[in-house]
Structure formats: structure tokens, C-alpha cells
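Heads up, the thing below is written out as C-alpha cells.
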Amino acid sequence: MGPWLRRLSTPAASRLRLVCLPHGGAGPSVFTPWAEHVPRDVELLAVRYPGREDRWGEPPPRDLGEVVARVVAALRPLPELPFVLFGHSLGAAVAHEVVQRLRAVGRPLPVRLVVSGREAPQDERGGDVHRLGDAGLLAELRRLGGVDPAVLADPDLSALVAECVREDYRLVETHTGWSTTPLPVPVSAFVGDRDPDLTPEHAARWAALTTAGFRLRVFPGDHFYPAAQPDRVAAEVLADL
């Protein structure tokens, strides 16, 4: 699959490909539980960002545009198959820009884009979280509900996590030129009902980014709601197809 994709399920015969893009600080393993909850004829792939899991030690991408270009290049040689993109948080931002790039270069578009836990591109305002020290970054993760107490108890591990998360925040907080042209692709926006940074009303603003239909889905939970209910989230991703 190359360095940018990991296959999490290998159906004998596939009718659909589901490509998942992780949130900041995470790798493809966050989607491993999904393999138990997708139909047997769905090929499940996850994007592998450098600087984490089995790509630990690789230099981080220069900018978000590089990530988008690499994902588009990784998708290009795959056998043609209807596909869905699902991205959570950072992954949602990348997934949307990937679809915009696919359209710009005349490549096949997904049958649906599912964005989770992320404001719409027209609402992106940058930020300075990537400038915080390790303690500030870990406090931000605690606020969002996404830090394991075991990480906080290990100074070396928490420093490595903070380094990775800092680079991911930098990617989105320094990106300019967000694409806001409506896509000819149906869009679903997912959000946790206790997300401290994104209300359902704000998530619904993704409706302006499509001319092909929009669906809003609210789940119980905070910003990291998918981790607690992979079965429900995977089912909802496929529900509209």
C-alpha cells in the first residue's frame, strides 16, 4: 500500500472502499476496531501520517498541502472502486482538501465525504496552539477529552505525544487558502454533543460545501466520541450509501 496507506481489511471481492483519515496525534490504528463493524465486501483503508506509529522518526510534513498531495498520490494507483472518505478533526480538514484536489486534477471523486469533529473551511481561523509548550498542549488535549492518563504519568511518552500533536496543530493553524467551492459530492457532518469546540449548529455549516446533499449526525460524547463507539460511527458512515 506504500507509506501513506494501511489496509485494515482485505475482502475477497470489494464493492466499496472506505478510506479513513485520523485525527491529530493519531495513526491508522485508531481505525483498527472498525474492521469488525464494516460489511465483508467493504475494503477498509487508513491514512498513515509520518511521525507516529510505524512511521515514528520520519520528519513531519512541511504543510497541509504536502499531506493532501501525498494522500492524492497514494489513492491514484488503487484499482477503481466506489469510495468514501471519512476524516475526524485534522483528518476531516485533510479529507475535504483531498476531494477538492481530486476534482482539480480530474480524478474520480468519492461517493460521499464524511467530516467529523471539524468546523467547515469557511470558519477556519488559524490559531496558536502549536506555539504552546508541552504542558499547554497536553492541557488542550485534556480539555477535548483525548489524553490517556498513562501518557500524563510518563514524562518521556507525554513529550513525544506533545511533539507529534504540535506538528499536527501547526498544519491546520498555519494553512491558508482553504477551498470553499461547493463540491458535487454528498457530505455528512458528524459531531459529538459535548464537543467543547464544535456545536451541531456550527457543524451544519458544512452544508454550504456541497451541491449534492447534506446530512448532520450528532453522537453522544466529546470531541473524541468515535473512540467509544466505532460500531455506531462506522454504521452511520455507510448508512447513506
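Under the Karplus relation 6.51 cos²θ - 1.76 cosθ + 1.60, θ = phi - 60°, what is the ordered set of whole-Hz ³J(HN,Hα) values for segment 216-227, x standing for Gly and Pro?
Result, rounded to whole Hz: 10, 10, 10, 10, x, x, 8, 4, 9, 4, x, 5.
Restricting attention to segment 49-131, which GluC sites (Glu not before Pro) occupy a DSSP loop and are surrounded by at most 16 other Cβ atoms within 10 Å?
On the way: sites: E53, E66, E80, E97, E119, E124; in loops: E80, E119, E124.
Answer in residue order: E80, E124.
Check L216: other-chain or 5+ apart residues with amide H under 5 Å from its amide H, H built from backbone geometry?
A189
For the chain, give the percent of accessible area contributed by carbon and sulfur heavy atoms, probe 1.4 Å, rounded to a whole number. Before the final figure, lay out each step's value.
Values: 5560 of 10640 Å².
Of the solvent-accessible surface of the chain, carbon and sulfur hold 52 percent.
With θ set to phi - 60° and the Karplus curve 6.51 cos²θ - 1.76 cosθ + 1.60, what are the ³J(HN,Hα) couplings of segment 71-85 in order, to the nearest whole Hz, using x for Gly and Pro?
Computed from phi, the couplings for segment 71-85 are 5, 4, 5, 5, 6, 4, x, 5, x, 5, 6, x, 9, 10, 10 Hz.
Return the equivalent ellipsoid semi-axes of segment 1-61 as a descending list in whole Å, where each equals the square root of 5 times an eigenvalue of the C-alpha gyration tensor. The partial results should precede the final answer.
Numbers: eigenvalues 110, 24, 13 Å².
That gives 23, 11, 8 Å for the three semi-axes.
Explain nothing, just the number: relative contact order of the chain, from Cα pairs under 8 Å at least 6 residues apart, as a whole percent. All intermediate terms of the calculation are to be shown ahead of the outcome.
Working: 447 pairs, mean separation 46.7, N = 241.
Relative contact order comes out at 19 percent.
Sort L78, L144, L132 by heavy-atom solvent-accessible area, probe 1.4 angstrom, most to least.
Numbers: L78 30, L144 10, L132 70 Å².
Correct descending sequence by accessible area is L132, L78, L144.
No solvent, one uniform scatterer per C-alpha: report log10 I(q)/I(0) for segment 134-203 via the Debye equation at q = 0.12, 0.18, 0.19 1/Å, two decimals.
Normalising to I(0) and taking log10 leaves -0.49, -0.89, -0.94.
What angle, in degrees between 0 and 90 and rounded to the nearest 10, separates the Cα long axis of helix 155-173 from the longest principal axis of the Cα atoms of the chain?
The two axes meet at around 50 degrees.
Roughly how many Å² is the accessible area per residue of segment 138-178, as a whole number, for a 1.4 Å probe? Walk me through the numbers on the way to the answer.
Details: 2120 Å² over 41 residues.
Dividing the accessible area of segment 138-178 by its residue count gives 52 Å².
Just in segment 1-73: which trypsin sites (Lys or Arg not before Pro) are loop by DSSP and have at most 16 other Cβ atoms within 10 Å? Display every interim value, and only then the final one.
Working: sites: R6, R7, R15, R17, R40, R48, R52, R55, R62, R70; in loops: R15, R40, R48, R52, R62.
Qualifying residues, ordered by number: R15, R40, R62.
Whole-Hz Karplus ³J(HN,Hα) for segment 200-205, in order, using 6.51 cos²θ - 1.76 cosθ + 1.60 and θ = phi - 60°, x for Gly and Pro?
x, 5, 6, 4, 5, 5
Can you give the alpha-carbon Rg of segment 88-137 over 2.2 N^0.38 Å, where N counts its residues?
Expressed relative to 2.2 N^0.38 Å, the Cα Rg reads 1.45.
Per DSSP H run of n ≥ 4, the term is -39500 (n - 2.57); total these for the chain, divide by its residue number, and report the mean residue ellipticity at 222 nm rounded to 500 deg cm²/dmol.
Details: 7 runs with 75 residues, N = 241.
Result for the chain, helices only: -9500 deg cm²/dmol.
Calculate, for segment 16-59, the solvent-accessible area per residue in square angstrom, rolling a 1.4 angstrom probe over the heavy atoms of the protein chains. Numbers along the way, then the final one.
Details: 1650 Å² over 44 residues.
Using a 1.4 Å probe on heavy atoms only, each residue of segment 16-59 averages 37 Å².
In nm², what is the average projected area of the convex hull enclosing the Cα atoms of the chain?
12.0 nm²
Which of the trypsin sites (Lys or Arg not before Pro) found in segment 161-211 are loop residues per DSSP with 12 or fewer other Cβ atoms within 10 Å of their Cβ? Before the final figure, lay out the partial values.
Details: sites: R166, R170, R194, R205; in loops: R194.
Hits after loop and neighbour filter: R194.
Rounded, prolate or oblate, given the Cα gyration tensor of segment 116-241, with a/c below 1.5 counting as rounded?
Numbers: a/c = 2.55, a/b = 1.49, b/c = 1.71.
Taking the square roots of the gyration eigenvalues as a ≥ b ≥ c, segment 116-241 is oblate.
Specify the angular offset, from 0 to 90 degrees and rounded to the nearest 10, of the alpha carbon long axis of helix 90-104 from the longest principal axis of the alpha carbons in the chain.
40 degrees
For segment 24-146, calculate the relative contact order in percent as a whole number, restricting contacts to Cα pairs under 8 Å that are 6 or more residues apart. Walk me through the intermediate numbers first.
Working: 102 pairs, mean separation 21.9, N = 123.
Computed over segment 24-146, the figure is 18 percent.
Have a look at L216, L171, L81 and tell me which one the Gaussian network model of the chain (Cα, springs below 10 Å) gives the largest fluctuation.
The residue that fluctuates most here is L81.
Given C-alpha coordinates of segment 37-110, what is the ratio Rg to Rh with the Kirkwood estimate of Rh?
Working: Rg = 13.1 Å, Rh = 13.5 Å.
Reported Rg/Rh, Kirkwood definition of Rh: 0.97.
Compute the projected area of the convex hull of the Cα atoms of segment 1-138, averaged over all viewing directions, and report it in nm² to one decimal place.
Values: hull surface 36.4 nm².
Approximately 9.1 nm², given one-decimal rounding.
The values are calculated or read from the model by the stated rules, or taken from the named source; none is laboratory data. Since we're looking at a predicted model, the values are computed, not measured. Cβ coordinates were reconstructed from backbone atoms using ideal geometry, including for glycine residues, and neighbour counts include every protein chain displayed. Protein only, heavy atoms only, side chains kept; ligands, DNA and RNA dropped before computing areas. Shrake-Rupley method; radii C 1.70, N 1.55, O 1.52, S 1.80 Å.
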